[in-house]
1. Does Q257 satisfy the condition of being of a type in the set (S, T, N, Q), in contact (Cβ under 8 Å) with a residue 12 or more places away in the chain and more than 16 Å from the ligand (Cβ to nearest atom)?
2. Of G95, G144, which residue is out of contact with any strand residue (DSSP E or B) (no Cβ under 7 Å at 6 or more places or on another chain), within 30 Å of D5 (Cβ to Cβ) and away from the ligand (no atom under 16 Å from the Cβ)?
3. Of the residues in segment 303-350, how many are in a loop (DSSP other than H, G, I, E, B) and either within 16 Å of the ligand (Cβ to nearest atom) or farther than 27 Å from Y17 by Cβ (or both)?
4. Quick one: D327 ticks every box in (1) touching a Ser or Thr at 6+ places or on another chain (Cβ under 7 Å); (2) farther than 15 Å from L80 by Cβ; (3) buried (at least 16 other Cβ atoms within 10 Å of the Cβ) bar one, so which box is it?
5. For the subset of segment 52-67 comprising residues that are open to solvent by less than 20 Å² (accessible area, probe 1.4 Å) and more than 19 Å from F273 (Cβ to Cβ), which member is nearest to the chain's Cα centre (by Cα)?
6. Is it fair to say D248 is away from the ligand (no atom under 16 Å from the Cβ), modelled with pLDDT of 95 or more, open to solvent by 10 Å² or more (accessible area, probe 1.4 Å) and not aliphatic (A, V, I, L, M)?
7. Counting only residues that are outside any strand (DSSP E or B), touching a strand residue (DSSP E or B) at 6+ places or on another chain (Cβ under 8 Å) and among the small types (G, A, S), how many does segment 242-297 have?
8. What are the residues in segment 16-37 that are closer than 17 Å to V54 by Cα, of a type in the set (D, E) and open to solvent by 30 Å² or more (accessible area, probe 1.4 Å), if any?
Amino acid sequence: MKTADCWRVAVFDSKSYDEEFLRGALGERPLRLKFFSERLNADTVALAQGYDAVCAFVNDTLDAVVMDGLVAGGVRALALRCAGYNHVDLSAAFGRIHVVRVPAYSPHAVAEHALALIMALNRKTHRAYNRTRESNFRIDGLMGFDLNGKVAGVIGTGRIGKVLARILRGCGMEVLLYDPYPDHEFAAAAGCRYVDLPALLASAQVISLHCPLTPETKHLVRRETIEQMRPGVMLINTGRGGLIHTPDLVRALKSRQVGAAGLDVYEEEGDYFFEDFSDEGLSDDVLARLLTFPNVLVTSHQAFFTREALANIAETTLANLDACRADGPLENEVCYRCCEDGCRKQEQGRCF
Ligand code: NAD
């Protein structure tokens, strides 16, 4: 790869806050940023023509067609300003475009948002807010339960799951953990306990999802697993929408098997999240149905959205881009065989 003096970077799906934080962190780095509000997809990939790199977010389409378009346009790096890369066709990128990401920017931001969902759903703060705004000061229907002494289940105990586990311990909850790669040292230090998935599902009154979306975790929450949960369970998802089979969740909410759901992510969120449809209404019947339940709280993929997280995302994204430009080692590169034999990052600091 030739090292150019200055790289031109096309930033897609850009909002005012992306521009503010990326410009704020740019400093003297030899990167020239151009901000596009358009999402990156087959229709917009032509905008990337002539740029050295693109910067993309969670709802950009990063499939083989887009990779071909990027390569044809001379793009050499794709910098994700997010942690998850389930939406990237890594095999289509391999050997042609380096894919870099922000593995961790603030696990606290996401874990604290999960707590906000739990607290609001339990004490029905979202409903109380509406009532008192209407001068209705009745409290019937708003009863919650003490978190203290209840059982929480955290599925996926990476960076975010661990922070949430500690927070919930601070609320006096018994915290059960499930992860195929358990960290027993952490569990002992935090006063939590690893169990297998069926045991967690059967015991927890609050279940929070913090694993990545993979073929193995897709629809982890579906009819069969929901049936194994305690009646009235509260489900929290700040992971990825595809972890839940949403029509099954709607059925379980109707039957009250699920007592409350806090969803920061939704499987079909790409069509709606981060945009304003208040004048148009929704054509997605499942999302529309979800929004009718008083015990469902949907937020629009905002768990990451704190000042600290945005500053970290901007800093790491620009550092990643600069390392691509300078032909340096790519600490945050991902490829489809990163964790298997054959990826050369260990030896060369780059996947290929
Ligand atoms: P991480 O990589 O640190 O941890 C993920 C954990 O999940 C790992 O410990 C892994 O072993 C575990 N895991 C893998 N397969 C599993 C399975 N089948 N069952 C249970 N656990 C499994 O990731 P993180 O930084 O903690 O982030 C977790 C997820 O949160 C990300 O993958 C991303 O999808 C999501 N996320 C959402 C937001 C948001 O704004 N809503 C922001 C950041 C991350």
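The values are calculated or read from the model by the stated rules, or taken from the named source; none is laboratory data. What you see is a predicted model, and the numbers here were worked out from it, not measured in a lab. Cβ placement follows ideal geometry from the backbone for every residue including glycine, while neighbour counts extend to all protein chains displayed. SASA here: full protein model, heavy atoms, side chains in, ligands and nucleic acids out. Shrake-Rupley method; radii C 1.70, N 1.55, O 1.52, S 1.80 Å.
1. Values: of a type in the set (S, T, N, Q): yes; in contact (Cβ under 8 Å) with a residue 12 or more places away in the chain: yes; more than 16 Å from the ligand (Cβ to nearest atom): yes.
Yes; evaluated as a whole, the condition is true for this residue.
2. After ruling out the rest, the residue left standing is G95.
3. 23
4. Here D327 clears every test but (3).
5. V54
6. Details: away from the ligand (no atom under 16 Å from the Cβ): yes; modelled with pLDDT of 95 or more: yes; open to solvent by 10 Å² or more (accessible area, probe 1.4 Å): yes; not aliphatic (A, V, I, L, M): yes.
Taking the combined requirement at face value, the residue satisfies it.
7. Total satisfying the criteria: 1.
8. E19
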